[in-house]
Structure formats: C-alpha cells, structure tokens
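See below for the structure under consideration.
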Amino acid sequence: MAYGLLKGKRGIISGALDENSIAWKVALRAKEEGASFTLTNAPLAMRMGEINKLAEHCEAKIIPADATSIEDLEKLYTGSMEELGGKIDFVLHSIGMSTNIRKGKEYGDLNYEWFLKSIDVSALSFHKMLQVAEKLDAIENKGSLVALSYIAAQRSFPDYTDMAQAKAMLESIARSYGYRYGKKNGTRVNTVSQSPTKTTAGTGISGFNAFYEYANQMSPLGNASADECADYVITLFSDLTRKVTMQNLFHDGGFCSVGISEEIVARMEG
Ligand code: NAI
C-alpha cells in the first residue's frame, strides 16, 4: 500500500545491482511513495545491465559513480540536482564489498590491501558521500541519509571477517556526521542494521545459509526481508521520523535482543 510519504521529495539511491538488492526494493517503494530520484552504482556493476530495467520502471536517470571517488560523487550530486530540479532530500548508501570475503580469506590471514579496500568501499564511501554533499550544499533542510549495516559491527561472526570492522566504522560515521549535519540544517544520518538477506553481497559470505536460518529461528518475528527493509527505510526518508538521527536502528525481527529462542533450545536438545 502506498501512502504518499515521499511525495515531492528528491533522492539518490545507490547499490541496486539486481532485483534481489535491498536498494532495488527501496527504489520501487520510493517510486510508489511519490519520490523522484536518480540511481547510481559502480561503473563496473552497470555492465550487467540489470539496473536499466529498474531505471525504466522508476523513470529514473542512472548516474554511474564509484563511491570511493570524490570526483564521481561530485558529478553524482551535481547531476542529480540538475536532473531532479533542486537539492536532495534523501540518500541511500547500500554499498558493501570485501575482496577478503570474496576470496575466502580467514580472519588470521587477511590481505591488508584488500582490508583497506573493504573499508574504503563499505564505510569511508559513506563519509565521502556526506562530505561531498556538505561541500556542494546538496542536501535540502531536514534531509535524511541512510546506510545499511549488519550486527557483525557489535558481535563476532567469524566469516564476516573485515566487513565487521567496516560496518563498525560505517555506524560510527553516521553518529559523527549525524551530529554535524543535524547542526547544519536539520539533516539526519542513520544506519539500519538489517537481517541476513539473500542478495549477491549476502550470499557471498561463506556459511550464509546457516546464519540466515539461525537468525530466522532466533528472531521472534523471523528475519526481515529486503522488501520489509525497504518499507523501514522509506519511513526514515519521510517526514514521520524528523527527530531520529545518529542511530543504528536494528531491523532484524528482534534478533539483537534475544539470548536464546525456543527453536534453538529444541534443536540443541534434539
Ligand atoms: P548487493 O550485492 O545487491 O548490493 C551491494 C552493492 O554495492 C552492489 O550494487 C555493488 O555494485 C555496490 N558496490 C560495490 N562496490 C561499489 C563501489 N566501489 N561504488 C559503488 N557501488 C559499489 O547486496 P545487498 O545485500 O543489497 O547489499 C546492500 C547493503 O546492505 C550492503 O551495505 C550490505 O553490506 C548491507 N547488508 C546486507 C545484508 C545481507 O545479508 N544481504 C545484511 C545487512 C546489511
């Protein structure tokens, strides 16, 4: 159901790779709620061509940008403001990548160049998005920026390796920049810590199926789907959450507050 929550708002949505991507679902919901926005992804990801389908459906222009490149981000903001006819009300950072995970490196055998790349792509890019926006004065008063995180920022998940540090930094950036942008023009900055979700980035982590099932059985509401994540992110872009900032918001069916569930007890006893 649509409520017109983003009527008249202008946005930038990064990270839609294919129809499983969380960003893809956010774009569909943002369109339904009346927003106009641009789509962006790394030039390499564009080659897959999937994003064109989404752009057509959402009547959205695609502006390629490597989120680690200041120059690309400058073009993204100026291009988006030109295309949409004004300053930006909301931005979704839905970007994550670890070569150490991709190549199956263990935590005691990480490649440090790749580690730095993970931090740059998955965390520092959020700071860059914020800093470039501030310098260009690209965010409308009372805007909203959201990045997607994971509970491995707080708890140990062995196969998440260097992404755990990247997510911890991402959440810290939301707090620090949230303060700054709040003072500047009432803009809020938050992270949403999402359940394991079956996407390209998610399923790339070894043991994914096990921790997907484990989280599902631990959470009283079950895992949150990508569609449900999109619903939540839309509320954060809307005017209904104007005083929510500098938070890491768990969207995980209750997982983060559970010690053990009846289902897991039954399994251990069985
Ligand atoms: P996805 O693989 O569909 O999206 C990741 C996106 O990052 C892709 O579109 C990719 O092209 C983009 N990307 C990678 N390097 C980039 C760069 N240098 N510049 C610009 N874009 C770049 O997977 P998903 O799951 O939708 O990931 C979105 C976000 O959600 C990520 O931050 C991920 O860590 C986070 N997340 C995912 C969970 C999951 O289980 N799938 C759980 C919690 C958080």
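Scoring Val91 on the criteria (1) assigned to a helix (DSSP H, G or I); (2) buried (at least 24 other Cβ atoms within 10 Å of the Cβ); (3) more than 10 Å from the ligand (Cβ to nearest atom); (4) not charged (D, E, K, R) leaves a single failure, condition (1). On inspection, Phe115 does not qualify as of a type in the set (A, V, I, L, M, F, W, C) and closer than 21 Å to Tyr177 by Cα. Selection over segment 184-232 of residues that are within 11 Å of the ligand (Cβ to nearest atom), within 20 Å of Met163 (Cβ to Cβ) and part of a helix (DSSP H, G or I) gives a count of 10. Quick one: is Lys128 more than 19 Å from the chain's Cα centre (by Cα) and under 21 Å from Tyr179 (Cα atoms)? No; evaluated as a whole, the condition is false for this residue. Of all residues in segment 129-136, none are surrounded by fewer than 19 Cβ atoms within 10 Å (Cβ to Cβ) and near the ligand (Cβ under 10 Å from one of its atoms). For segment 1-49, residues that are under 22 Å from Ala138 (Cβ atoms), basic (Lys, Arg) and touching a residue at least 40 places away in the same chain (Cβ under 8 Å) total 2.
Look through Ala16, Ala55, Ala65, Ala2 and report the one residue that is modelled with pLDDT under 95, small (Gly, Ala, Ser) and at negative phi. Step by step, each of Ala16, Ala55, Ala65, Ala2 is checked, and only Ala2 is modelled with pLDDT under 95, small (Gly, Ala, Ser) and at negative phi. All conditions but one from (1) more than 12 Å from the ligand (Cβ to nearest atom); (2) out of contact with any His (no Cβ under 9 Å at 6 or more places or on another chain); (3) at pLDDT 95 or above apply to Pro158; the one that does not is (3). Any residue in segment 146-158 that is buried (at least 16 other Cβ atoms within 10 Å of the Cβ) and among the charged types (D, E, K, R)? For segment 146-158, residues buried (at least 16 other Cβ atoms within 10 Å of the Cβ) and among the charged types (D, E, K, R): absent. Going by what's in this entry, would Ala60 be described as in a loop (DSSP other than H, G, I, E, B), more than 14 Å from the ligand (Cβ to nearest atom), modelled with pLDDT of 95 or more and farther than 24 Å from Phe208 by Cα? The answer is yes for Ala60.
Scanning segment 22-46 for residues that are out of contact with any helix residue (DSSP H, G or I) (no Cβ under 7 Å at 6 or more places or on another chain) and either within 15 Å of Pro64 (Cβ to Cβ) or assigned to a loop (DSSP other than H, G, I, E, B) (or both), we see that the one that is farthest from the ligand (Cβ to nearest atom) is Gly34. Every residue in segment 161-192 that is touching a residue at least 12 places away in the same chain (Cβ under 8 Å), surrounded by fewer than 23 Cβ atoms within 10 Å (Cβ to Cβ) and small (Gly, Ala, Ser), please. Result: Ala164, Ala168, Gly178, Gly182, Gly186.
When the residues of segment 8-21 are filtered to those that are part of a loop (DSSP other than H, G, I, E, B) and under 20 Å from Ala123 (Cα atoms), the one that is farthest from the ligand (Cβ to nearest atom) is Ala16.
The values are calculated or read from the model by the stated rules, or taken from the named source; none is laboratory data. The structure presented is a predicted model; accordingly, all values stated were derived computationally and were not measured. Every residue, glycine as well, gets a Cβ built from its backbone with ideal geometry; the counts of neighbours run over all protein chains shown.
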